[in-house]
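Asks: Mind looking over this structure? Questions follow.
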């Protein structure tokens, strides 16, 4: 009887020992799995951080560069504009001083003829005014007008730089042939001409 | 004995959690440093490229100024001709 009790006791002890070992083993195995999983998660987390940082870095780089490129393009554009405007001012000066050159009479006659032709009237009224122009300069011009035409000489340059304005007797048809008006009409051609002359390779 | 084993198992699990959190924090700190470095390098590179852009722009502006000096008279003559004769 006592032998059998001892066997039973040993068996209970052995079972408990086995269960304890299994419990610990199971806990260790779960802990290893947990660690591996945690490591995978943290690796993924850090990889995401680095990937985001690379995208952010590219965005920072683009932002710095694009604002600089924009500023520099504007500086170049400003300089080109400054140069072209300076040339146009010189052109305006030369045009407004044309009465002092030997081109004047021919130019004024041509401007008048163009304006008269444009208003298509037998009795055109032509206003003419150039800086420094004298009556003597303008004498020949009236000869180019139709018989019913009238020439009005302004003492001051018309439209700042001088020129000619023709109308029909009723003032319904007006043709502005002043330098200012010609500059405006030829604006695109003028800018292209100046740019190609100054900036072409 | 079994209770002891259960307690030991809980301790193992708790230690594993702590170790995982430590490893995570270390990895995040390393990634943060890497992130800062990537951003710093990108900024430095962009600033160097921006300085290069400034130098190139200065050269272009200088060229334009020289061209303007050399060609202004010709441009004015052509422009006056255009306005007079167009």
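The values are calculated or read from the model by the stated rules, or taken from the named source; none is laboratory data. Fair warning: this is a prediction, and the values are worked out from it, not measured in the lab. Methodologically, a virtual Cβ is constructed for each residue, glycine included, from the backbone with ideal geometry; neighbour enumeration extends over all protein chains shown.
Asks: Just one of B:48, B:27, B:31 is in a helix (DSSP H, G or I) and either surrounded by fewer than 12 Cβ atoms within 10 Å (Cβ to Cβ) or in contact (Cβ under 8 Å) with a residue 60 or more places away in the chain (or both); which is it?
Replies: Within the list B:48, B:27, B:31, the selection yields B:48.
Asks: Out of everything in segment A:77-87 that is without any contact (Cβ under 8 Å) to a residue 24 or more places away in the chain and at the interface with another protein chain (Cβ under 8 Å from one of its Cβ atoms), what residue ends up being surrounded by the fewest Cβ atoms within 10 Å (Cβ to Cβ)?
Replies: A:86
Asks: Taking segment A:127-152 as the search range and keeping residues that are in contact with a strand residue (DSSP E or B) (Cβ under 6 Å, 6 or more places away or on another chain) and in a strand (DSSP E or B), which one is farthest from residue A:184 (Cα to Cα)?
Replies: A:150
Asks: If you don't mind, another one. From B:40, B:51, B:55, grab the single residue that is more than 7 Å from chain A (Cβ to nearest Cβ), under 30 Å from residue A:68 (Cβ atoms), modelled with pLDDT of 95 or more and within 11 Å of the chain's Cα centre (by Cα).
Replies: B:40
Asks: Considering every residue within segment A:21-36, establish whether at least one is more than 10 Å from chain B (Cβ to nearest Cβ) and out of contact with any helix residue (DSSP H, G or I) (no Cβ under 8 Å at 6 or more places or on another chain).
Replies: Looking through segment A:21-36, none of the residues is more than 10 Å from chain B (Cβ to nearest Cβ) and out of contact with any helix residue (DSSP H, G or I) (no Cβ under 8 Å at 6 or more places or on another chain).
Asks: Then there's this: Taking the stated definitions as given, is residue B:13 under 23 Å from residue A:50 (Cβ atoms), in contact with a helix residue (DSSP H, G or I) (Cβ under 9 Å, 6 or more places away or on another chain) and surrounded by 12 or more Cβ atoms within 10 Å (Cβ to Cβ)?
Replies: no
Residue-by-condition table, conditions (1) loosely packed, with under 13 Cβ neighbours inside 10 Å; (2) more than 7 Å from chain B (Cβ to nearest Cβ); (3) within 21 Å of residue B:43 (Cα to Cα):
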residue	(1), (2), (3)
A:54	no, no, yes
A:66	yes, yes, yes
A:89	yes, yes, no
A:94	no, no, no
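Asks: Being within 30 Å of residue B:6 (Cβ to Cβ) and surrounded by fewer than 16 Cβ atoms within 10 Å (Cβ to Cβ) narrows it down to one residue among A:74, A:35, A:8; which is it?
Replies: Matching residue, one of A:74, A:35, A:8: A:8.
Asks: From the list A:92, A:109, pick out the single residue that is in contact with a helix residue (DSSP H, G or I) (Cβ under 9 Å, 6 or more places away or on another chain), in a helix (DSSP H, G or I) and either at pLDDT 95 or above or farther than 21 Å from residue B:82 by Cβ (or both).
Replies: A:92
Asks: Separate question: Whether any residue in segment A:133-149 is closer than 29 Å to residue B:73 by Cβ, in contact with a helix residue (DSSP H, G or I) (Cβ under 6 Å, 6 or more places away or on another chain) and crowded, with 18+ Cβ neighbours inside 10 Å is what I want to check.
Replies: Yes: segment A:133-149 contains one or more residues that are closer than 29 Å to residue B:73 by Cβ, in contact with a helix residue (DSSP H, G or I) (Cβ under 6 Å, 6 or more places away or on another chain) and crowded, with 18+ Cβ neighbours inside 10 Å.
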